[in-house]
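The values are calculated or read from the model by the stated rules, or taken from the named source; none is laboratory data. As the structure is a computational prediction, the values presented were derived from the model and not from experiment. As a convention, Cβ positions derive from the backbone with ideal geometry for all residues, glycine included, and neighbour counts pool all protein chains shown. Heads up: the accessible areas ignore ligands, DNA and RNA and are worked out on the full protein's heavy atoms, side chains in. Shrake-Rupley method; radii C 1.70, N 1.55, O 1.52, S 1.80 Å.
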Amino acid sequence: MTDSHDGKGATGHNDLLLGAADLGAAVERHALILTEAPEDYKRVTAAVNELRASALAYAALCADLAGWGNPLGDLENEPAPGEEEEEEDSGDTEHSPVVHLEAHYRIRVPDVEAAERLLGETSSDDLLGAPSDVVAQLFMRDGWDPYQYGGALQTEEVSWTCGPDAS
């Protein structure tokens with residue numbers, strides 16, 4: 001079904017398809033660099049950053065154009081194929097208000113080892129030691145207050161939005 005005003009359809013599918021193509025190309029570049037030069041820290045880091053930026057851009061398109069959340073978020077906690085999660089019965093959820101909260105942080109990690117020590121012995125077994133892995137583990141562990149970590153993490157930029165869910 002197309003929208004007669006712009007020919008793109010109700011969800012802006014052309015933009016979503018372009019975002020998906022950009023994300024696919026970033027995945028391919030990442031795989032190529034890991035195949036060609038996995039020891040080249042600068043190239044691998046650039047490819048990882050490009051892949052993450054493309055994934056975030058695609059997630060933003062999903063939210064902005066179709067009203068869906070990040071399809072790539074929380075991948076490690078997804079149920080295995082065929083395994084279904086039980087829904088909690090919390091009363092009348094059909095008529096409960098839903099809000100969309102989006103926060104963006106730009107974090108500098110001047111001392112990765114100090115940040116890793118903040119995790120203590122509760123760190124995940126799959127922690128690879130990359131600064132982004134350490135920050136992600138801290139985020140998931142404590143509800144996220146980046147200002148509590150002193151010199152191990154430095155918050156350079158914060159922005160957020162909150163409003164009614166568009167779906």
Say we look at region 153-167 and pick out the residues that are hydrophobic (A, V, I, L, M, F, W, C) and out of contact with any Leu (no Cβ under 6 Å at 6 or more places or on another chain); which of these is surrounded by the most Cβ atoms within 10 Å (Cβ to Cβ)? Leu153
Out of Leu65, Leu56, Leu34, Leu23, report the one residue that is at pLDDT 90 or above, in a helix (DSSP H, G or I), of a type in the set (A, V, I, L, M) and open to solvent by 50 Å² or more (accessible area, probe 1.4 Å). Leu34
Among residues belonging to region 68-106 that are exposed (fewer than 12 other Cβ atoms within 10 Å of the Cβ) and at pLDDT 80 or above, point out the one that is farthest from the chain's Cα centre (by Cα). Ser96
Using beta carbons and a limit of 7 Å, which pairs, at least six apart or on different chains, have the first residue in region 52-79 and over 22 Å from Gly163 (Cα atoms) and among the polar types (S, T, N, Q) and the second one modelled with pLDDT of 70 or more and open to solvent by less than 70 Å² (accessible area, probe 1.4 Å)? Ser54/Leu23; Ser54/Ala26
Looking at region 111-121, can you tell me whether even one residue there is at pLDDT below 85, surrounded by 10 or more Cβ atoms within 10 Å (Cβ to Cβ) and over 22 Å from Gly151 (Cβ atoms)? no
